[in-house]
Structure formats: C-alpha cells, structure tokens
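K.L.:
One structure coming up, written as structure tokens, with questions to follow.
A short reminder: the numbers here are calculations on the coordinates, not readings from a lab. Remember, predicted model here, so these are calculated numbers, not experimental data. Virtual Cβ from ideal backbone geometry, glycine too; neighbours counted across all protein chains shown.
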Amino acid sequence: MHDFKTPDEAVSSVIFHNPSEARAAGRIITKLSIPRAVMESSKPHAALLSSPGLGHLIPMLELGKRLVTHHGFDVTVFTISASTSPAESQLLQSIASPQLLNMVELPPVDMSNLVDADAKLVTRIAAIMREIIPRFRTAISGMKVRPTVLILDFFGFEALHILEFDMPKYIYFPGTAWFLSLSVYAPILDMEVEGEYVDRTEPLSLPGCKPVRPEDVVDPMLDRTNQEYLQYVRMGAGLSKCDGILLNMWEDLEPTTLRALRDEEAMAPFVKVPIYPIGPLTRCPGGVAPRELLDWLDLQPTESVIYVSFGSGGTITIEQLTELAWGLELSQHRFIWVVRPPIQNNLYGSYFTLGNGGDDPIRYLPVGFLGRTKTIGIVIPNWAPQVDILRHPSVGGFLSHCGWSSTLESIVNAVPMIAWPLFAEQRLNATIVTEDLGIAVRPEVLPTKRVVRREEIEKMVRRVMVDKEMRNRVKELKKSGESALSKGASSYNSLSLIAKD
Ligand code: UDP
C-alpha cells in the first residue's frame, strides 16, 4: 500500500510563479498583479481564467505552458481559491520557480452563502464563476500592461459579456467536439423537445453529428426541472459570444463532428464562431512517482498491469467497491488501484473535498483482499501520480471514469480502456472511446444505473488486457495525436492562428 499524500507529486512539470506572491497578488490585485518582466515584455500576453476542479485547472495550465513554450506568449493564469479541493490548492501551492506561468489567485469565494448545500455540480461551479468575474475584471483593469488575449474556460463564459476590454476572447473547451455540439445545440433541443430527455426512446438528433442516446446526455440534461439544466442551456447559448472556441482534441479524432461544426447546413449557425482543435494537450510525467512504485512497475511484464482510477472527483458506492475488488482479484491480472472512501448517491463525492484527509479508504476493502492480492496488486489511497503510471511500459489497461483529461492521458500513452463513466459528460466520452474509436470496452449497463458485478468486471479486465486489435488502434491514435501537435501540423497551426490574431 502506498500513500502519495498530495497531487503535486504528479505535476511537478507544471511550473508556477512563487505561490505566496500569487496569493498576495490575488488579494491586493491592483498593486501586485504581474511581474515586471511581463509588464515590460513585447510578447503577446494571454490571461487565462480557470474554473474550479482539477479537470478544468490541469488542461488550462497545459494550454498556458504550450502558449509559452511553442508560441512565444507570456501567460498569466488566474485561479480561484477556497472553493477548490485541498488537493487542488496543494497542487497550486506546492510548485515553485523557475517561472514559466504567472499565477494569480483571485480572492476566495465563500460557497456556503452562494448555493444550497445540495446544489449540483454545474450550479455550484457556475455560481462561483459569477462571483469571481467582477474580481477578475478588477484584476485585469489593475494591470499596467493589459493582456492581449483572454482565454476563459467553459464556465468562464459569463465573463464574455461583462468584460468590456477590447481584446480577443476565446473559450477553451477541454472536451470533445461532440460534447461541444450538444452544448451549443442544447438551447434548440430545449425549445423543440418536450418532456425529460431521458424518458425518450429515440436518440437526440444533432445536425450533421452522431445522435445522442438519451441515457448518454450530460448530467445537467438528466433533470430538466433542476436549476443546473437552465444553467447549462444558458451556457450553450453563451458560448458563441466569443471570438473562437479552442478544443483539447485534434482534427483526426472526430472528423465528422468537426465538419458538422463548420458546416452552415449543420451546426455552424449554432456555434457561430471558428473552432480550433489544439490538442491533445496533456501533462508531462512529473518524474516524481515514489521509487518503490516504479521499482514494482519495473518488475512487471510489459503491458501487464491495469490501472484503476475515477479521476479527481469520482466516487463509487460500498457495494460497487466490493464488486470491483472481487472483479480485480478474480481476473488475476496485475493492478494499481486508486481507492477512495465509498459514498452512497454521490458520483462526484471528492470533487470539492479531495485531500481533506479523514476517512481511510483501505478499511472498506473486502476482508483479506490486500493479503490475497499482495503479489499482483498495489492499492493507493485517494490520489496517485497518474501520468507517471500510465506512461510506464508495464501498464496495459486503464479502468477509467472517462474524464476527458484521463481519456487523453490514456490515448497519448497508448493504453486501452475500460470505460466506466460516472458524471458530467463522461457517458459521451465513453461512447466515443468504445463505439467510434474502438479503444475501450464498457459494462453492458451504465454503472450509474446498476452495480457492475464481479464476473463482468473480471471479463472486461481480461478482454482489455489481451485484445490486440484494440491495443493496435490506440497505438495508431497515439501517433495521430502526436503528429497533430508537431510543428506545421493541424493543432500546432490552430494555436499559431490565435497567436497571429
Ligand atoms: N489525477 C491524478 N491522480 C489521481 C486522479 C486524477 O493525477 O489519482 C489527474 C489525472 O491525471 C487528470 C486529472 O487528475 O489529469 C483528472 O481529470 P479528468 O478530466 O480525467 O477527470 P475529473 O477529475 O475532471 O473528473
């Protein structure tokens, strides 16, 4: 059993401006916002605003790094404190110089006064972002030298109409083109479709795109009476108010959907602005995974270990945790499993709380599990150095909740997946990786609908670890992603266009 305490160990490749200075800058914004070097620089200067959540922050940081290292930008990343999980704060605070990105932490938002305790994820994040926008605006106004471009994430769209600054504004959408299509078309579906989407027997049509099965809709669309649904529809309508949308994927990943988004007869009238696929941008390995973990991996045969993790926020029930433990054990395949304390009726139970400490997840494992699997498995409580694990040649499978960053990390390391979606847009991602890309297997019934039993888990683990075709496909996809990022290729050129703009 290994305890990697904080997420920073996995992300030391992300380089920050001194965090205490960044925190000070967030609180005394007009006095100390951006270092002198940036103020005096003649380079283009991008201001990036990330919403809370590691799944949002990590892609934003990667975009910032890419702009600096490949496109000659100065970059300032604005982050939000207090509303984030302890794991996220640690990630932000733990990494010091040398400087690559300038980090400014905006003043904290007290969530307790903003939303009801039982408010859903999108409602919570949207409320935080609404609160933060005036502070962000003040921070930008206080800069002696204004940024030349603003890049906001999906939830930062609220800033588009209140930021009067005369500079191009882009939305960074760290997801798939299919998810973007559903989002910009949500206001139309809202007018045209009656009743709950999930009660339909027919899929939802999106012009020029693959239809969406009712059970695959994103979380806010599961209940049209919930406040987060209204928020999502507003967001879909608001996205096109920017100058362009950046996607963390590449042209060859979803060619049909990208064509539809650019086609006047299909989705273009709804998205309205240019689309720039700029990915796959993923974290570099931190090179800080504990030696004993790497030593263990070094001893295992090539592509023999399955890595199991539900992202930064995903949680499962005690019944599911028990079945998963048994499924892994029965498969007799080697594994690394990131275990969190189980939670009933909350699929993103760690989203705002990861790293809070407290409950030891190990005590929920079946009696004798650790002893029986000690020669084939490693259990890591709460947080693991994911990118270091996935890139190790001994890893040959990933049971994932299909968060988009995890999915890309799997692809860029040529690791086939077991798609186990939990929340947000993860059901769409699971459908893409299994049906369109053919690089994953998935349970017969969605894990959110019923407990996946140990026999099925055992079968999926065996299949993902031996299926040669699936492995070859993901290897091809890895190459295609790599070449999209190379100089002169599609993703590289997309960011160059923004730089020229
Ligand atoms: N992650 C990690 N260790 C963990 C869990 C997650 O390093 O134990 C990282 C993972 O590599 C990815 C991010 O956290 O970069 C999770 O983002 P994703 O979009 O996959 O899912 P989310 O957390 O947003 O649900």
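K.L.:
Which of the peptides 470-481, 215-226 is most tightly packed, and how do the rest follow, going by the mean number of other Cβ atoms within 10 Å of each residue?
P.N.:
Working: 470-481: 17.4, 215-226: 19.3.
By packing density, highest mean first, the sequence is 215-226, 470-481.
K.L.:
Right, here's the next one. Once you place label points 7 Å from the Cα toward the Cβ at Asp116 and Lys272, how far apart are they in nm?
P.N.:
3.2
K.L.:
If you take the Cα atoms of the stretch 310-454, find Rg, then find the Kirkwood Rh from the mean of 1/r over all pairs, what is Rg/Rh?
P.N.:
Numbers: Rg = 14.4 Å, Rh = 15.5 Å.
Computed over Cα atoms, the ratio is 0.93.
K.L.:
Taking the Cα centroid of the stretch 120-187 and of the stretch 273-299, what is the distance between the two, rounded to the nearest whole Å?
P.N.:
The two parts, judged by their Cα centres, are 27 Å apart.
K.L.:
Here is a further query. Asp263's amide H: which non-local residues (gap 5+, or another chain) put their own amide H closer than 5 Å, with H modeled 1.01 Å from N in plane and none for Pro or chain starts?
P.N.:
Excluding prolines and chain starts, which carry no amide H, the hits are Ala268.
K.L.:
For the chain, with only Lys/Arg (+1) and Asp/Glu (-1) charged at the beta-carbon, what is the dipole magnitude about the Cα centre, in debye rounded to 20?
P.N.:
Working: 50 positive and 58 negative charges, 216 e Å.
Charge dipole, the chain, about its Cα centre: 1040 debye, nearest 20.
K.L.:
For the stretch 160-313, compute Rh as the Kirkwood radius over C-alpha pairs and then the Stokes-Einstein diffusion coefficient at 37 °C and 0.692 mPa s; write the answer in µm²/s, rounded to an integer.
P.N.:
Working: Rh = 18.2 Å.
Result for D is 181 µm²/s.
K.L.:
What's the angle, to the nearest 10 degrees (0 to 90), between helix 454-466's Cα axis and the longest principal axis of the chain?
P.N.:
70
K.L.:
Same structure, new question: When ranked by the protection proxy of mean other Cβ atoms within 10 Å per residue, highest first, what sequence do the peptides 359-371, 142-154, 416-428, 177-189 form? Show your work: numbers first, answer last.
P.N.:
Details: 359-371: 13.1, 142-154: 19.4, 416-428: 26.2, 177-189: 23.3.
Highest mean packing first, the order is 416-428, 177-189, 142-154, 359-371.
K.L.:
Amide H to amide H, which residues 5 or more places from Cys402 or on other chains are under 5 Å from it, using H placed in the peptide plane?
P.N.:
Amide H neighbours of Cys402, under 5 Å, 5+ apart: Trp420.
K.L.:
Skipping prolines and chain starts, which residues have an amide H placed within reach, meaning under 5 Å, of the one on Thr317, given they are 5 or more residues away or on another chain?
P.N.:
Placed amide hydrogens put Ile343 under 5 Å from Thr317.
K.L.:
Residues of the stretch 181-223 with backbone nitrogen within less than 15 Å of a virtual label 7 Å along the Cα-to-Cβ line of Thr256, please, listed as ranges.
P.N.:
It comes to 181-182, 203-213, nothing else.
K.L.:
Right, next: Give me the Debye-computed log₁₀ of I(q)/I(0) at q = 0.06, 0.10 Å⁻¹ for the chain, equal point scatterers on Cα only, no solvent, two decimals.
P.N.:
-0.25, -0.75
K.L.:
Starting from the 7 Å offset along Cα-to-Cβ, what nm value, one decimal, do you get for the label separation of Lys487 and Ser240?
P.N.:
Spacing of the two 7 Å Cα→Cβ label points: 3.8 nm.
K.L.:
Which angle between 0 and 90 degrees, to the nearest 10, do you get for helix 318-331 versus the longest principal axis of the chain when only C-alpha atoms count?
P.N.:
Between helix and principal axis, roughly 60 degrees.
K.L.:
Oh, and also: Rank by packing, highest mean first: peptides 276-283, 404-411, 454-461, with packing defined as the count of other Cβ atoms within 10 Å averaged across residues. Working shown, then result.
P.N.:
Details: 276-283: 23.5, 404-411: 25.9, 454-461: 19.0.
Most protected by this proxy first, the peptides run 404-411, 276-283, 454-461.
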